[in-house]
Amino acid sequence: MSRRSNSITPQPARHGVARVLSKLGLASRTQAAQWVREGRVSVNGAVVRDPEFPVRQGVDQLNVNERAAQAAARIVLMLNKPRGLVTTRQDEQGRATVYQCLADAALPWLAPVGRLDKASEGLLLFCNDPVWAARLTDPASGPDKIYHVQIGAVPDAALLAKLTRGVRVGDETLQFKSARCLRAGLKNAWLEVTLDEGRNRQIRRVLEACDLSVLRLVRVAIGMLTLGKLPKGKWRLLSEQEIAAL
């Protein structure tokens, strides 16, 4: 005699409506929360004003400005970040941000994928897909990142070995996946440094721990994606092939 299954199909987890709108790639969570407070968002036909109002993505009907909230088509672009810009949309200190480089473009909401500090330059990605961005920045699944760093010294083999072996910085040990000298002058040199993780100011902290001054720091590649000849302050969209390769 057959037994009737008592299994129940699990329902999607509930998350705050602002978080769900952000996951759909429509806005940052902060911006989505503002939409909710302004009464621009409805759930199953009823306007909600609490950004933490629980909804089930794919089950509950979400509208923004009376239009169905659908996942935005994924867009990824690369910017050659100039020195002197901070990687944020709005800076509390009023400093110039990387979004000034995108100001004249008709682009949807995009968030930086990782960061470059104010004094750093080079390859910076933007994307409207938070899930994809999280995979890219996860040390376990994300690609290596390559930097060219000008230092105020001429390195020897012992120093390069130390950089990859690791140095103690505060309560943690930091190191580079690889480090090699690209070219050297009498008083300074350019290193090529590879990271397989992205801790806060990792390169600068390691070099400072070795009493080395950083004159310039440029990210030149993320995985197989290279900065190439993209001019400073300019951006371009990535192709589907480039996105897949990342």
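The values are calculated or read from the model by the stated rules, or taken from the named source; none is laboratory data. Every value quoted in this text rests on a predicted model; they were computed, and no experiment measured them. Virtual Cβ from ideal backbone geometry, glycine too; neighbours counted across all protein chains shown.
Hey, could you check segment 142-194 for residues that are among the aromatic types (Phe, Trp, Tyr) and at pLDDT 95 or above and say which is farthest from PRO130 (Cα to Cα)?
Result: TRP190.
So for segment 37-56 (the condition being part of a loop (DSSP other than H, G, I, E, B), free of Cβ contacts under 8 Å to residues at least 12 places away in the same chain and exposed (fewer than 15 other Cβ atoms within 10 Å of the Cβ)), does at least one residue qualify?
yes
Are any residues in segment 124-146 under 17 Å from ARG89 (Cα atoms) and among the hydrophobic types (A, V, I, L, M, F, W, C), and if so, which ones?
LEU124, LEU125, PHE126, CYS127, ALA133
Conditions: (1) surrounded by fewer than 16 Cβ atoms within 10 Å (Cβ to Cβ); (2) within 30 Å of THR30 (Cα to Cα); (3) among the polar types (S, T, N, Q). THR164 meets all but one. Number of the miss?
Of the numbered conditions (1) surrounded by fewer than 16 Cβ atoms within 10 Å (Cβ to Cβ); (2) within 30 Å of THR30 (Cα to Cα); (3) among the polar types (S, T, N, Q), the odd one out for THR164 is (2).
Only one residue in LEU207, LEU237, LEU215 is in contact with a strand residue (DSSP E or B) (Cβ under 9 Å, 6 or more places away or on another chain), of a type outside the set (S, T, N, Q) and assigned by TED's automatic domain parsing to the domain that holds SER120. Which one?
Result: LEU237 is the single residue among LEU207, LEU237, LEU215 that is in contact with a strand residue (DSSP E or B) (Cβ under 9 Å, 6 or more places away or on another chain), of a type outside the set (S, T, N, Q) and assigned by TED's automatic domain parsing to the domain that holds SER120.
I'd like to check which strands (runs of 3 or more DSSP E) are fully inside segment 83-191 and have at least 3 residues that are in contact (Cβ under 8 Å) with a residue 24 or more places away in the chain.
111-113, 121-127, 145-151, 167-169, 178-184
Surrounded by 11 or more Cβ atoms within 10 Å (Cβ to Cβ) and in the same structural domain as LEU237 (by TED's automatic domain parsing): is that true of LEU62 in this structure?
no
Need pairs with beta-carbon distance below 9 Å; first residue over 19 Å from PRO82 (Cα atoms) and within segment 201-228, second loosely packed, with under 14 Cβ neighbours inside 10 Å and hydrophobic (A, V, I, L, M, F, W, C); sequence gap 6+ or separate chains.
GLY223/ALA245; MET224/ALA245
Restricting attention to segment 142-150, does a residue exist that is more than 14 Å from GLY223 (Cα to Cα) and in contact with a helix residue (DSSP H, G or I) (Cβ under 9 Å, 6 or more places away or on another chain)?
The answer is yes, given that some residue of segment 142-150 is more than 14 Å from GLY223 (Cα to Cα) and in contact with a helix residue (DSSP H, G or I) (Cβ under 9 Å, 6 or more places away or on another chain).
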